[in-house]
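**Student:** Got a structure for you, questions after.
The values are calculated or read from the model by the stated rules, or taken from the named source; none is laboratory data. If you're wondering where the values come from, they're calculated on a predicted model, not measured in any experiment. As a convention, Cβ positions derive from the backbone with ideal geometry for all residues, glycine included, and neighbour counts pool all protein chains shown.
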């Protein structure tokens, strides 16, 4: 497997800036999406119409995440530092975080000293009151805290986390409006949602406010493999989303840890990549060996 050393990683630049979009009426389109043809896991792709360039593979930080912790953060600072730095050394510059995972302070330490335009930070606002969080109802307070936790001035992508209903655009209008204001100021470059329901995903695929969608996709489908519908139905929605200019980041590619055999992983990657369903994908790799294995599989399929 080809690898980039850290110096090569630091030389890789991002270009472009996010388009400024205010919430508008729904958009529907049947035009085909542009083909996603990554050269490999570490190759740079543009996320939809945002202008943001990121590695095709993102390093997830939220496996089994809850209450500001995850399998990643629970492994401790030393082990997680080692994992994240290994991903960076392999050319991955895209970090998938969330308030729910408590991963901001860990990522902060790893990217410290790297020029800000050389890596992509994606995080998520949890919109519902829980015992560990009381949402403000907007976004400014949350984003200000996130920036402090990450020690940065700007967040590349912020999503409203875990949408489970098609009415999310109305239910969380305050967060939408808050993120739009921050986007206009340049504090956030792109906005969107992560979806855990097909109705929510359909709404995201059509809504003009959305720049980026996190969508659960693999080759198996159904709730058993952490998808929101059959493979065929979810794939139709993802193609519509990409046709509408949304950046689709695939998650649950390995069925939330259920697709563990080499042939199962390869089959899912081939399906998702071969059918041009995503602009990028996030996988919650938990060890340097998992990173190497995943990168090698993506690289092989990309070159096939």
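**Student:** From the list 138, 113, exactly one residue is outside any helix (DSSP H, G or I), surrounded by fewer than 17 Cβ atoms within 10 Å (Cβ to Cβ) and without any contact (Cβ under 8 Å) to a residue 60 or more places away in the chain. Which is it? Talk me through it step by step, then tell me what you get.
**Tutor:** Numbers: 138 fails: surrounded by fewer than 17 Cβ atoms within 10 Å (Cβ to Cβ).
Step by step, each of 138, 113 is checked, and only 113 is outside any helix (DSSP H, G or I), surrounded by fewer than 17 Cβ atoms within 10 Å (Cβ to Cβ) and without any contact (Cβ under 8 Å) to a residue 60 or more places away in the chain.
**Student:** Of the residues that make up region 190-202, is at least one buried (at least 23 other Cβ atoms within 10 Å of the Cβ) and part of a loop (DSSP other than H, G, I, E, B)?
**Tutor:** Filtering region 190-202 down to residues buried (at least 23 other Cβ atoms within 10 Å of the Cβ) leaves 190-195, 200-201.
So of that shortlist, the ones also part of a loop (DSSP other than H, G, I, E, B) come out as none.
No.
**Student:** One residue is enough: does region 205-213 have a residue meeting the conditions in a helix (DSSP H, G or I), within 19 Å of the chain's Cα centre (by Cα) and either touching a residue at least 12 places away in the same chain (Cβ under 8 Å) or under 11 Å from residue 246 (Cα atoms) (or both)? So that I can check it myself, show each step before the final result.
**Tutor:** Taking region 205-213 as the starting set, the residues that turn out to be in a helix (DSSP H, G or I) are 205-206.
Among the residues that remain, those that are also within 19 Å of the chain's Cα centre (by Cα) are: 205-206.
Next, only the ones that are either touching a residue at least 12 places away in the same chain (Cβ under 8 Å) or under 11 Å from residue 246 (Cα atoms) (or both) stay: 205-206.
There is at least one residue in region 205-213 that is in a helix (DSSP H, G or I), within 19 Å of the chain's Cα centre (by Cα) and either touching a residue at least 12 places away in the same chain (Cβ under 8 Å) or under 11 Å from residue 246 (Cα atoms) (or both).
**Student:** What are the residues in region 274-301 that are out of contact with any strand residue (DSSP E or B) (no Cβ under 8 Å at 6 or more places or on another chain) and under 22 Å from residue 213 (Cβ atoms), if any?
**Tutor:** Of everything in region 274-301, those that are out of contact with any strand residue (DSSP E or B) (no Cβ under 8 Å at 6 or more places or on another chain) and under 22 Å from residue 213 (Cβ atoms) turn out to be 274, 275, 276.
**Student:** Can you find even one residue in region 273-287 that is under 18 Å from residue 97 (Cα atoms), surrounded by fewer than 18 Cβ atoms within 10 Å (Cβ to Cβ) and in contact (Cβ under 8 Å) with a residue 40 or more places away in the chain?
**Tutor:** Taking every residue of region 273-287 in turn, at least one turns out to be under 18 Å from residue 97 (Cα atoms), surrounded by fewer than 18 Cβ atoms within 10 Å (Cβ to Cβ) and in contact (Cβ under 8 Å) with a residue 40 or more places away in the chain.
**Student:** Next question, about the same structure. Name the residues in region 259-279 that are touching a helix residue (DSSP H, G or I) at 6+ places or on another chain (Cβ under 6 Å), more than 21 Å from residue 246 (Cα to Cα) and not in a helix (DSSP H, G or I), would you?
**Tutor:** 259, the sole residue that qualifies.
**Student:** For region 23-35, indicate whether the set of residues that are closer than 17 Å to residue 290 by Cα, modelled with pLDDT under 95 and touching a helix residue (DSSP H, G or I) at 6+ places or on another chain (Cβ under 8 Å) is non-empty.
**Tutor:** Restricting attention to region 23-35, the residues satisfying the condition of being closer than 17 Å to residue 290 by Cα are none.
No: zero hits.
**Student:** For region 71-84, enumerate the residues that are in contact (Cβ under 8 Å) with a residue 40 or more places away in the chain and either closer than 19 Å to residue 214 by Cβ or part of a helix (DSSP H, G or I) (or both). Can you show your working first?
**Tutor:** Looking only at region 71-84, we keep the residues that are in contact (Cβ under 8 Å) with a residue 40 or more places away in the chain, and these are 71-72, 75, 82-83.
Residues satisfying the conditions are 71, 72, 82, 83.
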